[in-house]
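A short reminder: the numbers here are calculations on the coordinates, not readings from a lab. Everything numeric here is computed off the predicted structure, so don't read it as measured data. All Cβ positions, even for glycine, are placed from backbone atoms using ideal geometry, and neighbour counts span all protein chains on display.
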Amino acid sequence: MSSAETGIKLYLNTILKNKSGIVGVAMIILFIALSIYGMAAYKNVASEWNNANYWRTYPKVAMPAWMIYFSPNKIFSTKTFVSQPKTLYSSSSYEIVQVDYKFKWNKGSAPSDVVFYVDTSSPIETINIVWKKPDGAQVTLSQSSPSEATDLLSYTSSLDSYISSQIGYVPPRVVASTLSKALFGYEGKGLLNGTVEKGTYEAKITLVVPPHTKVVANKLYLEGNAYGIFGTDIYGRPLGIGILLGLPNALEIGFLTSIISVIGGVIIGGISGYLGGKTDSAINWVTLVMLSLPILPFLVVMSYVMRPTLLMEALFISFLVWSFYAIIARSSAQSIRKEVYVEADKVLGIPSYRTFFTHFMPRLTPFAIAYTALGVPAGIILVETLAFLGLAPPGLITWGAILNGAEQNFAAVNGWWWWILFPGLMIILVSIPFVIIGFSVERGIFGGR
């Protein structure tokens with residue numbers, strides 16, 4: 001067995017004999033398993049992440065579903081209703097089809113949005129909706145050539161007129177939740193004050209379609225304000241899926257940057273310390289220059305100019321951080337160079353490259369293992385920082401990009417805490433096991449306990 005293999009086994013034993021090291025290994029195994037599950041279970045979803053239409057029937061900015069237990073009257077999940085369509089009129093020119101919904105609403109707040117989903121075999125020419133409240137008040141909504149799923153923002157013109165007729169003006173910033181309050185509130189000046197009219201509601205949807213058109217599916221979604229374990233963003237995308245799909249990308253970039261930079265740094269630093277003299281001085285000068293470069297500004301400029309892929313971004317980061325490991329490896333190599341067995345190799349005429357790979361690299365391997373583990377979180381944080389600044393590789397799902405969306409949509413101001421908390425927490429959690437393992441190996445290297 002080579003000394004390199006002996007060293008690796010020694011420090012693996014150091015990790016496994018340490019309780020914190022075992023926890024770190026278990027966490028990494030769990031993260032890898034979750035990554036595999038996410039890529040397998042949501043393979044098709046990943047390509048649709050930035051397609052707003054794909055998420056149109058999901059509740060927008062819904063908090064985690066477990067919040068329902070704290071306030072079941074104010075916090076609720078999406079309610080879905082289905083009805084049987086009926087043909088009211090048919091001719092050679094067009095048909096009139098009606099879909100009626102009737103439901104009871106007893107929650108203390110209005111849905112965050114209302115989505116009318118009607119899938120037909122031919123395009124809908126016009127859609128007309130009569131919304132009837134429990135007290136008999138009616139609101140009429142209409143639209144020409146609608147898509148198969150229309151939310152309240154699709155009927156902004158009709159609802160603006162209704163709101164204006166009740167309170168005398170239209171709010172400056174109309175969002176779906178405001179329009180929903182109009183459909184579920186008492187008529188009058190207090191229409192939008194959040195007071196909900198409880199009772200039985202009716203929605204009569206009249207469709208004008210070409211002859212022989214079939215209604216393939218129809219649903220009425222009353223969007224709740226709670227969904228999934230981690231909630232949703234402003235587009236209705238479940239953050240749980242985003243976090244799961246961002247995990248393999250985070251691990252991949254972390255491992256790539258750490259392995260490339262550590263191996264490169266250890267080899268360059270080891271050669272520098274082994275050779276000594278002018279060669280060492282020249283390599284050390286280059287290393288110090290690289291070490292002085294501002295990493296984040298350089299990466300921001302490169303990412304903005306080139307829009308690199310994940311691999312290219314890993315190479316950029318590795319190019320900027322290898323010098324840190326080279327400095328430490330050089331110091332260790334200078335100590336090894338003074339050992340008797342190195343001098344003996346020189347006396348015996350053994351080639352320098354053989355001495356380097358026989359005596360130096362095996363003794364630098366445990367050091368490389370420790371700093372590879374410690375380098376993974378650094379790579380992850382750098383990439384997520386770039387993504388937060390809007391410079392993620394195209395098409396890549398990252399936690400930093402999710403946080404960027406939260407910042408752009410004023411999540412903190414609007415109280416959408418889950419949109420900020422969970423992606424940020426994952427950046428911390430995924431870093432912890434690598435730090436634990438790195439410190440465990442480092443204690444083994446320096447003899448600490």
Fill in: Surrounding net charge for Val413, when Lys and Arg each add one and Asp and Glu each subtract one, Cβ distance under 13 Å
0
Worksheet item: Which pairs, out of Lys132/Lys214; Lys132/Lys198; Lys181/Lys204; Lys79/Lys102, put more than 21 Å between their alpha-carbon atoms?
Response: Lys132/Lys214
Discussion item. Shape verdict for the chain, please, from the Cα gyration tensor: rounded (a/c under 1.5), prolate (a/b greater than b/c) or oblate.
Written reply: prolate
Discussion item. Between 0 and 90 degrees, rounded to the nearest ten: what's the tilt of helix 156-167 against the longest Cα principal axis of the chain?
Written reply: 60
Discussion item. Please report the equivalent ellipsoid semi-axes of region 275-359, computed as sqrt(5 x eigenvalue) of the Cα gyration tensor, largest first, in whole Å.
Written reply: 36, 14, 9
Worksheet item: What is the extension gain from Ser92 to Glu339, computed as 0.36 nm multiplied by their sequence separation minus the C-alpha to C-alpha distance, in nm to one decimal?
Response: 79.1 nm
Worksheet, complete the sentence: Over the chain, the sum of -39500 (n - 2.57) across DSSP H runs of at least four, divided by residue number and rounded to 500 deg cm²/dmol, gives at 222 nm -18000 deg cm²/dmol
Discussion item. Rounded to two decimal places and with Rh computed the Kirkwood way over Cα pairs, what is Rg over Rh for region 117-250?
Written reply: 1.04
Worksheet entry | Degrees, to the nearest 10: 239-275 long Cα axis against longest axis of the chain | 20
Worksheet, complete the sentence: Dividing the mean separation of Cα pairs under 8 Å (6+ apart) by the residue count of the chain yields a relative contact order in percent of 22
Worksheet item: To the nearest 0.05, what FRET efficiency results for Arg173 and Leu315 with a Förster distance of 45 Å applied to their C-beta separation?
Response: 0.55
Worksheet item: Any idea what angle helix 295-306 forms with the longest principal axis of the chain, computed on alpha-carbon atoms, 0 to 90 degrees, nearest 10?
Response: 60
Discussion item. Cut-off is 10 Å between beta-carbons; in what order do Ile427, Ile229 appear when sorted fewest neighbours first?
Written reply: Ile229, Ile427
Item to complete: Give me the net charge of Arg363's neighbourhood, meaning all other residues with Cβ under 12 Å from the Cβ of Arg363; Lys, Arg count +1, Asp, Glu -1.
Response: 0
Discussion item. Can you give the local net charge around Val430? Use residues other than it whose beta-carbon is closer than 13 angstrom to its beta-carbon, Lys and Arg +1, Asp and Glu -1.
Written reply: -2
Response to the item:
When Phe81, Phe360 are arranged by how many other beta-carbons sit within 10 Å of their Cβ, fewest first, they go Phe81, Phe360
Worksheet entry | Cβ-Cβ FRET estimate between Val130 and Val286, R0 fixed at 51 Å, reported to 0.05 | 0.10
Response to the item:
Val435 and Tyr37 label points (each 7 Å along its Cα→Cβ direction) are spaced in nm at 2.5
